[in-house]
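So the structure is just underneath, and the comments pick up after that.
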Amino acid sequence: MLLEALENYKKEKKFNFSTPATFKTEERAFLKDVDCMALCNAQLNLKGAFSDYSADKKDPTKQRKRGFPKLKKRRTAKKAYTTNNGNNDKIRAVGHYLKLPKLGLVKAVFHRRIEGKIKSVTISQTSSGMFFASILVELPDVPYVKPDLDKVVGLDFSFSNLFVTSVGTKTKYTREFKALEKKLGKAQRRLSKKVFGSAGYEKQRRKVARIHETIANRRLDCLLKLAKTLIDQYDVIVVEDIDLVGMARKGKRRRFGKTIMDLGFGLFRSILERKCSERGKLFIKAPRFFASTQTCSVCGFKNTELKGMENLGTREWTCPHCGTHHDRDVNAAQCLVRWFKSIINTGALPGINADGDVVSTSKTVRSKRRRGYRKNCKTVDLTSPSLQGGVC
């Protein structure tokens, strides 16, 4: 489809996409054995790739730009396909089996009951050879419950505990990569001695892939449980928009790449954002340059002696203005809560407007945007009933 679209563009200067049925010729007889909806979804994905490329080309302010659609590679491309469920329920769960078009009953392990009407299913294969089915279902709308703005908690990033809450709770977070690092290194050394492309190489490659999947699955399971615990207790979660990529870069003052990547705090923020949107809670990011670590949560005094990466070893400090002794991480989390309560009285938060209107963009912001920064100044009305699971 991609090659034909490129040929049409050379002739007519526009992209035309043929239907999947036109490709079912004698030379491609294998396409007749494939579910027709899977081919239709492949065409839709190709159209979406061209649309994203055109939209990113028109908007130069976007940081992450999608390139021109390329042909898939056999080894590096993700092995997956999506099929849709029709009115005759071609996709359904039958006991311990999942019924799929053209495949019939496939034995499966369900980790939860399927509730609602099945819309589509995506079958994917991991690098270790395991197959997974992601089932999309349609559920009735949940009644909106206004979040309680008094149930607010601040989260400060921590190297030793992943995060510290404003009430002083520290998580017992285990670094999964560090626990399996020796086992992974041994498996990778064995892989390097195998002949590329041989049966032994493929067998050892899958062992390495399984270790990587074990690390990722354990980390994801822990982060999901931590996110659920926070969302069940609080209605407003405030985190700092910390530059994790900048801290992870190697350099004279930045040497925390391995530690930060193993913690997965960026993934944790994404999970919190998605779960808050689903549950009708508020997920708020404080400004990136808000000095939560240097500010006293009691009097608001700013201690500039704590500024810089070289002062990370100072874990406790006493405010010279009010004399309050602080734990560095707990105080930073409390400052996030104080920042939220200080601006909530004005009825506006920097983030997403309930109506989607941008209030102001200064010249400094526009100049930073040319250098690759994205920093919009917007407002949100917390009392608006249209803000269901707002993300700021």
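The values are calculated or read from the model by the stated rules, or taken from the named source; none is laboratory data. The model shown is predicted, which means the values in this text are computed figures rather than measured ones. FYI the Cβ positions are ideal-geometry reconstructions off the backbone, even for glycines, and counts take in every protein chain you see.
Looking at this structure, is GLU12 more than 30 Å from GLY86 (Cα to Cα), outside the structural domain of ILE123 (by TED's automatic domain parsing), among the acidic types (Asp, Glu) and loosely packed, with under 12 Cβ neighbours inside 10 Å? I'd like the intermediate steps shown before the answer.
Details: more than 30 Å from GLY86 (Cα to Cα): yes; outside the structural domain of ILE123 (by TED's automatic domain parsing): yes; among the acidic types (Asp, Glu): yes; loosely packed, with under 12 Cβ neighbours inside 10 Å: yes.
Yes.
Scanning for something surrounded by 11 or more Cβ atoms within 10 Å (Cβ to Cβ), at pLDDT 70 or above and among the hydroxyl-bearing types (Ser, Thr, Tyr), does region 355-365 turn up at least one residue?
no
The rows are residues; the columns are (1) under 15 Å from the mean Cα position of the chain (by Cα); (2) in a loop (DSSP other than H, G, I, E, B); (3) not small (Gly, Ala, Ser).
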residue: LEU224; (1), (2), (3): yes, no, yes
residue: THR229; (1), (2), (3): no, no, yes
residue: VAL245; (1), (2), (3): yes, no, yes
residue: ILE271; (1), (2), (3): yes, no, yes
residue: PHE283; (1), (2), (3): yes, no, yes
residue: ALA291; (1), (2), (3): no, yes, no
residue: CYS299; (1), (2), (3): no, yes, yes
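Contact list please: Cβ distance under 8 Å, first residue in region 140-154 and under 17 Å from THR165 (Cβ atoms), second residue among the aromatic types (Phe, Trp, Tyr), pairs at least six apart or on different chains.
LYS151/TYR234; VAL152/TYR234; VAL152/PHE340; VAL153/TYR234; GLY154/PHE340
Do we have ALA42 as at pLDDT 90 or above, part of a helix (DSSP H, G or I), more than 23 Å from the chain's Cα centre (by Cα) and not assigned by TED's automatic domain parsing to the domain that holds ALA133 here?
Numbers: at pLDDT 90 or above: yes; part of a helix (DSSP H, G or I): yes; more than 23 Å from the chain's Cα centre (by Cα): yes; not assigned by TED's automatic domain parsing to the domain that holds ALA133: yes.
Judged against the criteria, ALA42 is a match.
Scan region 170-188 for residues that are acidic (Asp, Glu) and either at pLDDT below 85 or not assigned by TED's automatic domain parsing to the domain that holds GLY200 (or both) and jot them down.
GLU176
What number of residues within region 233-248 satisfy the criterion of being closer than 17 Å to LYS146 by Cβ and either in contact with a Leu (Cβ under 7 Å, 6 or more places away or on another chain) or of a type in the set (D, E, K, R) (or both)?
Qualifying residue count, region 233-248: 3.
Here is a yes/no grid of residues against (1) hydrophobic (A, V, I, L, M, F, W, C); (2) closer than 28 Å to ASP141 by Cα:
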{"position": "GLY185", "(1), (2)": "no, no"}
{"position": "ALA199", "(1), (2)": "yes, no"}
{"position": "GLU202", "(1), (2)": "no, no"}
{"position": "THR214", "(1), (2)": "no, no"}
{"position": "ARG219", "(1), (2)": "no, no"}
{"position": "GLN233", "(1), (2)": "no, yes"}
{"position": "ILE242", "(1), (2)": "yes, no"}
{"position": "GLY266", "(1), (2)": "no, no"}
{"position": "LYS275", "(1), (2)": "no, yes"}
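From the list VAL137, VAL167, VAL142, which residue is of a type in the set (Val, Ile, Thr) and at pLDDT 90 or above?
Values: VAL167 fails: at pLDDT 90 or above; VAL142 fails: at pLDDT 90 or above.
Step by step, each of VAL137, VAL167, VAL142 is checked, and only VAL137 is of a type in the set (Val, Ile, Thr) and at pLDDT 90 or above.
Return the only residue of ALA93, ALA80 being in a strand (DSSP E or B) and more than 30 Å from ARG205 (Cβ to Cβ).
Going through ALA93, ALA80 in turn, just one is in a strand (DSSP E or B) and more than 30 Å from ARG205 (Cβ to Cβ): ALA93.
Just the residues that are acidic (Asp, Glu) and within 17 Å of SER166 (Cβ to Cβ), please, taken from region 271-320.
Hit for region 271-320 is GLU316, nothing else.
Of all residues in region 33-51 being surrounded by 12 or more Cβ atoms within 10 Å (Cβ to Cβ) and of a type in the set (D, E, K, R), which is farthest from THR122 (Cα to Cα)?
Applying the filter and picking the extreme gives LYS47.
Among the candidates LYS99, LYS117, LYS73, LYS78, single out the residue that is surrounded by 13 or more Cβ atoms within 10 Å (Cβ to Cβ) and among the charged types (D, E, K, R).
LYS99
Against the definition (over 16 Å from the mean Cα position of the chain (by Cα) and within 21 Å of VAL164 (Cα to Cα)), how does ASP262 come out, yes or no?
So ASP262 fails the test.
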